[in-house]
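The structure appears below as structure tokens.
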Amino acid sequence: MTKKLDVFPSAHSFHEDDVRDKVVVMIDVLRASSTIAAALQNGAKGVIPAGDMETAAKIAQNLDFNKFLLSGEKNGIKIESFHLGNSPLEHSPETVKGKTIILNTTNGTKAIKRAAKAKKILVGSFLNLAAVVDYLEQIDDEAVLVCAGWRGHLSFEDLLCAGNIIYEITSGRLPEKARDGTKTAFGLFEKFGDDIEKAVKSSDYAERLREIVSEDDLSFCCQVSKTRVLPAMNEGIITDFNG
């Protein structure tokens, strides 16, 4: 198991050097992490995270037009000129198989970019929780769970997912010398982890999204360990580390 484990509650809660040479797991349950996991599970060639819409458009200019899809949202709403929104349900096998997804989101892709100095960047969610846990149990590197949050604020669902990962790694027994962020996430999961879907749907961001996306979209993101994909960044593109 990783010797040291910490949690940052939002993408703005750390400096880039704080993750240097560490393994980072970026968590954005609603919905970038879930969308990335679903896209790779359904046969996408890879996912290129873009920090903003302009960067996404520039990346697209260098790819064959039949081989990519622009996906993303701004404040939860699909970007008008993009093919898909930031919805895991939209990234179905018939839509994404063999395609490279260029993804720009309000929080998740920015968190990935902010963690650029990490030794390795993985993407975690409830959907691929077991795959993340298995990987972290096998390494000796220091690891950090980075919750994307929302516009710099803590997001309950991301911290809950981080707590679930920690709970599984520690078999429900938190070490005495655990760091504050780890203790907080672990405690949150202990209190609210009995019903993941109910807990996630009670979050502030789920309430915001409910006016924009379907209930099915939210429910999909609450499923635990439904895929074994382990999205990992490699030279600017996210592919399945287990693939």
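The values are calculated or read from the model by the stated rules, or taken from the named source; none is laboratory data. Note that the structure is predicted; figures quoted are calculated from it, not measured. FYI the Cβ positions are ideal-geometry reconstructions off the backbone, even for glycines, and counts take in every protein chain you see. For the accessible areas, the whole protein counts, side chains as well, though only heavy atoms, and no ligand, DNA or RNA atoms are used. Shrake-Rupley method; radii C 1.70, N 1.55, O 1.52, S 1.80 Å.
Residue 122: touching a Cys at 6+ places or on another chain (Cβ under 9 Å) and not in a helix (DSSP H, G or I), yes or no? Criteria not met by residue 122. Surrounded by fewer than 24 Cβ atoms within 10 Å (Cβ to Cβ) and of a type in the set (Val, Ile, Thr): does that describe residue 95? So residue 95 fits the description; yes. Taken as a whole, the structure places residue 137 among residues that are loosely packed, with under 15 Cβ neighbours inside 10 Å, assigned to a helix (DSSP H, G or I) and touching a helix residue (DSSP H, G or I) at 6+ places or on another chain (Cβ under 8 Å).
Taking every residue in the stretch 14-26 that is open to solvent by 10 Å² or more (accessible area, probe 1.4 Å) and pairing it with any residue that is part of a strand (DSSP E or B) and modelled with pLDDT of 95 or more, at least 6 positions away or on another chain, the pairs with Cβ-Cβ distances below 6 Å are 22/144.
Residues checked against (1) modelled with pLDDT under 95; (2) buried (at least 21 other Cβ atoms within 10 Å of the Cβ); (3) not in a helix (DSSP H, G or I):
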| residue | (1), (2), (3) |
| --- | --- |
| 161 | no, yes, no |
| 164 | no, yes, no |
| 190 | no, no, no |
| 194 | no, no, yes |
| 217 | no, yes, no |
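All told, residue 89 meets the bar of being among the hydrophobic types (A, V, I, L, M, F, W, C), touching a helix residue (DSSP H, G or I) at 6+ places or on another chain (Cβ under 7 Å), open to solvent by 20 Å² or more (accessible area, probe 1.4 Å) and in a loop (DSSP other than H, G, I, E, B).
So in the stretch 196-211, with the set limited to residues that are assigned to a loop (DSSP other than H, G, I, E, B) and surrounded by 14 or more Cβ atoms within 10 Å (Cβ to Cβ), which one is nearest to the chain's Cα centre (by Cα)? It comes out as 203. In the stretch 168-178, which residues are exposed (fewer than 14 other Cβ atoms within 10 Å of the Cβ) and either within 19 Å of residue 149 (Cα to Cα) or at pLDDT 95 or above (or both)? Listed by number, the residues that qualify are 171, 172, 173. For the stretch 36-47, the condition of being assigned to a loop (DSSP other than H, G, I, E, B), touching a residue at least 40 places away in the same chain (Cβ under 8 Å), under 26 Å from residue 98 (Cβ atoms) and open to solvent by 50 Å² or more (accessible area, probe 1.4 Å) holds for at least one residue.
Residues of the stretch 228-243 that are touching a Leu at 6+ places or on another chain (Cβ under 6 Å), farther than 17 Å from residue 98 by Cβ and either open to solvent by 90 Å² or more (accessible area, probe 1.4 Å) or charged (D, E, K, R) (or both): 241 alone. If you go through the stretch 50-80 and keep only what is part of a helix (DSSP H, G or I), open to solvent by 70 Å² or more (accessible area, probe 1.4 Å) and more than 25 Å from residue 213 (Cα to Cα), you end up with 58, 61. Among the numbered conditions (1) surrounded by fewer than 24 Cβ atoms within 10 Å (Cβ to Cβ); (2) among the hydroxyl-bearing types (Ser, Thr, Tyr); (3) in a helix (DSSP H, G or I), the only one that residue 109 does not meet is (1).
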